Every structure is written in C-alpha cells, then in structure tokens.
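Below is one structure, written out as structure tokens; comments come after it.
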Amino acid sequence: MQYLFAFIVSLVISMLLVPPLMRLAPLIGAIDMPDARKVHAQAIPRIGGIAMIIGVMVPVLFWLPLDQKHLALLSAFSVLLFFGIWDDRSNLHYRIKFIGQIVAVLIVVLGADVVVRNMPFLDAPLPDFIAIPFTIFALVGITNAINLSDGLDGLAGGTTLLSFCMIAFIGFQSNSFELVMLCMAVAGAIMGFLRHNTYPARIFMGDTGSQFLGFSAGVLVVILSQSVNVAMSPVMPLLLLGLPILDTFAVMAQRMYEKRSPFSPDKNHIHHKLLAIGFDHYEAVLVIYVVQSVFVGLAFALRYESDVLIFSVYFLLSFTALFLFHRAMKTHWRVDRNAETDSRLRRGIKWLTSTGMMEKVPTMLLKIGIPLFLVFSILVPKTIEQDIAVLSLLLLVLFVLFALFSQVVTMAEKAVVYVVCALAVYLLETSIASVSEYAEVINVYMVILAAAFAVKVRFSSSRTFQITPLDFLVVLLVLVVPNLPEFSASELPLGESAFKLIVLFYASEAVLNVVSKKLDVFRLGVAASLALIAVRGFL
C-alpha cells in the first residue's frame, strides 16, 4: 500500500506544482524559444523538472529512512535541481553541465556505493580503481542520453516511465522495498507531469527534468543489477535503457563521422528522422513508445539469459532500426497519407460520416450502454456493504449539485463518474460466481462498448476527445501488469477487471465531453446507479 501512496503523493505534487511554475517561468527566464533545430513553434516554459524532483523528494522523505544512502541520493537530486534551473535560465555550456552531473554522480557513487562492479563476460568483479571511474562515465552518459533524446512532447517522460515501471516490477520480485518505492515515486512524478506535457505541450521539463530522469534511471538500474538482483545478467540494463542509449550512440557517431563535435546540436535524433519521413508529432512519439516497450519487455524476458544472447538481441534490434532509417533516407521513402481506394465500403463510411451517424449512433450507444452496465453490476451482489452505500449517497448528493449548478461538466463531476465505474466493476468481480454463466456475454458487451468508443473517437467532427501517447502508456501498464504471473494468480480476475475499467473510464470521458443537457440520459443513469447502491446497501 505504501507503494501506491508514494505514487499518488508524487503524482499529485507534480501535477499541482506545474501551473504555478508555468506562471513563474517568464519571471526567471526559463522559457524555451523556438529555433531551426526545435519542433515547437512558440515559446513554452521549460520548468517542469522542478515539479518532478520535488514530487519525488517528498515521498522519499516520508517513507524511506534518512540513512547515508538516501541522504546521498537526495543531495544528488538537489545538485541536479540547482544546475538544471541554472541551465534552463542561462543555456549553460556543456562543460558546466558536466560539472554538475559529475558532482551528482560522485555523491551517489561515494556516498551510496552505487558502483558497477559486475561486468558482462567477466567472472570476477572489477576492482574499485576501475569500477568507480567506469560507473561515473556510465551514469554521466545515461544522464546525457535522456537529456539529448528529449525532443518531442512527452518523449523523455514516456520512455523513462516504461523503464522505471519495469525496474520497479523486477525490484518487487526481488523484495527490494526501497528500490520499488523510489521507482514508484519517480513514476508518479512523471505521470503528473505528462498530463501537461503530452502533445501539444503546455510546459517542458527542461534540462532540470531530463537530466534528473536520466540520472535516476541510471542510478536505479545500477542498484537493481549490482545490488538487488545480482543473478541477472549485467547486460540487462542495456535493454532497460535501450532506445536512449541507441539514439545517443548513433547521433554522436554520425557527428564524429561528419568531423563535428559529438555535442554539437543537430536534427539527427530518432524522433527527428521519424518526422522527416512523414510521421506527425503524435505518431513519432507513439512509435518510440512502442519500440521502447519492446526493449523493456525483452529486458524482463531475457534477464536471466546469457550475456552473449542479450547483447546479440540488443545489437540485432539496434542494427535493424538504424538500417531501416538508412534505407528510408536513401530511397526517399515517406509515409503515404494520400493513398485511397475507391470502394463501396469507403464510400459508405464517407456517407455515414457526412450524415453524422458515425458519431451520433456510438455516442447514444455509450450514453445508454454504460448506465445499463452499471445498474446490472450493482444488482448482481446479494448484499452491498453499508460503507459503500454511505459513499454512494455522498457521491449522489455531490453529483446532483454539480449537474444542477455547473454550466459545464467539471473535473469533480467526472471524478464521481469514475468512482461509480470503479465501484460497479468491484461489485461485479467480487460476485462473479453468481453470474459465471454470463461471463462471456459480459465480456462481449464490454468489447461492443470499446468498439463504440473507438468509432466515436475516430469519426468525431468536434474532436472533443483526443487520444494521446500518454493514453497508450496508461492502457499498456493497466492491461499488462495485472496479467503478469505474480498478479494473475490472484483470486480476482485482475486482467478482465482492468479491461473493464479502461473501457468505462475512456468511454465515460468521451461521453461527458459532449454532455450539454442537465437531464442528459447519461447523467440520469449515473445518478440512478448511485441511488441504487445506496438503497441496496441500507436495506
């Protein structure tokens, strides 16, 4: 439970600090101005890293002992915060950046014994006079790898989030409370920040944030592989941090091949190449998320395999990615967005879209279908606990007040709907034995709701609901984690529950964004569901 608290506290702090920091950014000069190398076209505050670092430090102070190791880590974070803010204000020369990074790394290497001693292909550990310099080089390298790869909205945050979640999971398997707490705190801070940073971003993390994420990822993966679980291959971190490392090595190699400084700015990063061959901003970030997911998944699957196999897999994937980019550039291949085939199906879809039916029909299906599912789920249990009934009665009062006195659907009203959906899924899954013969029908019903949501979003003319790369991460984490072996053995069907929650949350969000009438059928259905829970709980 403390893991969840650390995640939530970090997320809330990060999310709440972003708006005031955005107002502070112009006063201290932390503004990212557009130029020929960047992809954004307007000035954007680059101060979000402060929110993330503070969001992580608070749960560390609350839930981890302030021993030498954690004090060293907090001190290193403080150094990165100082140099990061300085850099975001003044665009420091890279040599000064290196000084700050090296100081932070020295603090954790000497103060927390974060040292790479077990190396691939070697049977004996490295002596400290070799291990310590190598660790400093490696941690400074990964810090800059994340920093250099942060070129699109949500890119650095999303890719490192996947790495931190996998580090946390492997740490959980190895019973490392401290490692999991740290990873969950960082993951919460990233999630809170990404709500403001997904395309189109309203704030950037700046060098403060990207250096913090790179440093944290490097330190935690060293702790995982060198202290927490030494049975794993020491090559495994290469996959956990796969894409940023590949991107940095490829870009620096190209710069040196062109007889330029490896630190000179250009537009040769992977995200730049994706944009150059025709992917838009959203698609480029999503492609990188998918590739990083593959790297992270392979890190888990191959963690106990031989060093040679893991290194070979990483090399093969990296070579394939670079080769495909090279061929695309050589042959001038571009994403074709104009190819259309004149078919009856396409003409029929166009006609239905022009009449509005492709949006109206799925919207009405969701407005009626979601409340029906809620009511059914509430009627399934033989009894409902009184505390749930009290909560529902309170939510009903709040929901009615929000509906009556608010001109638009507020976040508070949405929160009530999300809680109702969670309660309904909980009540259904804890009583699933009584309706086990209808389990397949229920799953098919949820698939129909998911399809209606997909059609509505795809053919909506108002664009009131936008799918972002962050949603890809949320869906991936919520659907994958409950189905891992450690969780799938639970008595509750966590995978199916997660699927139902995802469908209900996203479908409800899409419906609430188009609700205009106070007595809309969806609002009435939600209110009726709350009333039904209260009545059944008190009877």
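What follows draws every value from the coordinates through simple rules; no lab data is involved. Just so it is clear, the model here is predicted, and its values are computed rather than measured. Positions of Cβ are backbone-derived with ideal geometry, glycine not excepted, and every protein chain shown enters the neighbour counts.
Highest mean packing comes first when the peptides 440-452, 103-115 are listed by Cβ atoms within 10 Å, giving 103-115, 440-452. Against the main long axis of the alpha-carbon atoms of the chain, helix 281-301 sits at an angle near 80°. Restricting to Cα pairs below 8 Å that are 6+ residues apart, what does the relative contact order work out to for the chain? Please round to a whole percent. After rounding, I find 16 percent. Considering helices alone, the calculated mean residue ellipticity of the chain at 222 nm is -24000 deg cm²/dmol, with DSSP H runs of length four and up weighted by -39500 (n - 2.57) and normalised per residue.
For mean projected area of the Cα convex hull in nm², the candidate list reads [x] 32.1; [y] 28.4; [z] 23.8; the entry that matches the value derived from this model is [y].
Put the Cα centre of segment 187-264 next to the Cα centre of segment 360-432 and the gap is 41 Å. All other residues whose Cβ lies under 14 angstrom from that of Ser377 are scored, Lys and Arg at +1 and Asp and Glu at -1, for a net of +1. In the structure shown, do any of Lys97/Lys259; Lys414/Lys456; Lys273/Lys360; Lys267/Lys456 have a Cα-Cα gap over 29 Å, and if so which? Pairs exceeding 29 Å: Lys273/Lys360; Lys267/Lys456.
Under the simplified labelling scheme, the Met119-Leu394 pair shows an inter-label distance of 5.9 nm, with each label point 7 Å from Cα along Cα→Cβ. Peptides 385-395, 126-136 ordered by packing proxy, namely the average of other Cβ atoms within 10 Å per residue, highest first: 385-395, 126-136.
Scalar couplings 3J(HN,Hα) for segment 387-395, obtained by applying the Karplus form with A = 6.51, B = -1.76, C = 1.60 to θ = phi - 60°, are 5, 5, 5, 5, 4, 5, 5, 4, 5 Hz; x denotes Gly and Pro.
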